[in-house]
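**Q** Sharing a structure below in structure tokens format, with a few things to ask.
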Amino acid sequence: MKVLITADGEDLEAKVDVKFGRAPYFLIVDTDNLSFEAMKNEAANEFGGAGVKAAQSVINKGVEAVITGNIGPNAYQVLRRAGIRIFKAGGKKVREAIEDLKNNELEEIVSPGPRGMFK
């Protein structure tokens, strides 16, 4: 499975960032073999609309799920409409969050947090 994880660093030892739209990095990980691509979140410093811009970049990468800490309503709706599942794992290491996902131990986010909570 191809998964996008919000992260505070560029490798699997980074922590899952608690912010979706303003996370400094996105790691796109293949959960089968742990190969990954790290990319800077270009939306992180946007004045407004960071979540939606970040969500669109996620869709364009063809991921099936997102692991993050929290997500605002606009980004949540964009991802859900695209059929992408969203899981909560803020504060864990990326590697741990992937293992928890594979073991069905992550909570699925079924409603968004408040708008603009992490400006």
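The values are calculated or read from the model by the stated rules, or taken from the named source; none is laboratory data. Just so you know, these numbers come straight off a predicted model, no measurement behind them. For neighbour counting, all protein chains shown are included, and Cβ atoms are generated from backbone atoms with ideal geometry for every residue, glycine included. Areas reflect the complete protein model, heavy atoms only, side chains present, ligands, DNA and RNA absent. Shrake-Rupley method; radii C 1.70, N 1.55, O 1.52, S 1.80 Å.
**Q** Got at least one residue in segment 80-102 being outside any helix (DSSP H, G or I), of a type in the set (Asp, Glu) and open to solvent by 80 Å² or more (accessible area, probe 1.4 Å)?
**A** No, every residue in segment 80-102 fails to be outside any helix (DSSP H, G or I), of a type in the set (Asp, Glu) and open to solvent by 80 Å² or more (accessible area, probe 1.4 Å).
**Q** Provide a single number: the residues in segment 38-48 that are open to solvent by less than 90 Å² (accessible area, probe 1.4 Å), out of contact with any Leu (no Cβ under 7 Å at 6 or more places or on another chain) and under 19 Å from Val3 (Cβ atoms).
**A** Selection size over segment 38-48: 3.
**Q** Scanning for something out of contact with any Gly (no Cβ under 8 Å at 6 or more places or on another chain), within 21 Å of Leu106 (Cβ to Cβ), open to solvent by less than 10 Å² (accessible area, probe 1.4 Å) and not charged (D, E, K, R), does segment 49-62 turn up at least one residue?
**A** For segment 49-62, residues out of contact with any Gly (no Cβ under 8 Å at 6 or more places or on another chain), within 21 Å of Leu106 (Cβ to Cβ), open to solvent by less than 10 Å² (accessible area, probe 1.4 Å) and not charged (D, E, K, R): present.
**Q** Output yes when any residue across segment 22-31 is without any contact (Cβ under 8 Å) to a residue 40 or more places away in the chain, aliphatic (A, V, I, L, M), surrounded by fewer than 18 Cβ atoms within 10 Å (Cβ to Cβ) and on the phi < 0 side of the Ramachandran plot, and no when none is.
**A** yes
**Q** Also, quick follow-up: I'm checking my understanding of the structure. Among residues of segment 66-79 that are more than 17 Å from Lys102 (Cα to Cα) and of a type in the set (S, T, N, Q), which one is least open to solvent (accessible area, probe 1.4 Å)?
**A** Only one residue fits best here, namely Asn70.
**Q** Let me ask you something else. Just the residues that are assigned to a strand (DSSP E or B) and of a type outside the set (S, T, N, Q), please, taken from segment 34-75.
**A** If the condition is that a residue be assigned to a strand (DSSP E or B) and of a type outside the set (S, T, N, Q), then Phe36, Glu37, Ala38, Met39, Lys40, Ala65, Val66, Ile67 are the ones that fit.
**Q** Can you pull out every residue in segment 37-89 that is small (Gly, Ala, Ser) and under 10 Å from the mean Cα position of the chain (by Cα)?
**A** Within segment 37-89, Ala54, Ala55, Ala65, Gly69, Ala89 qualify.
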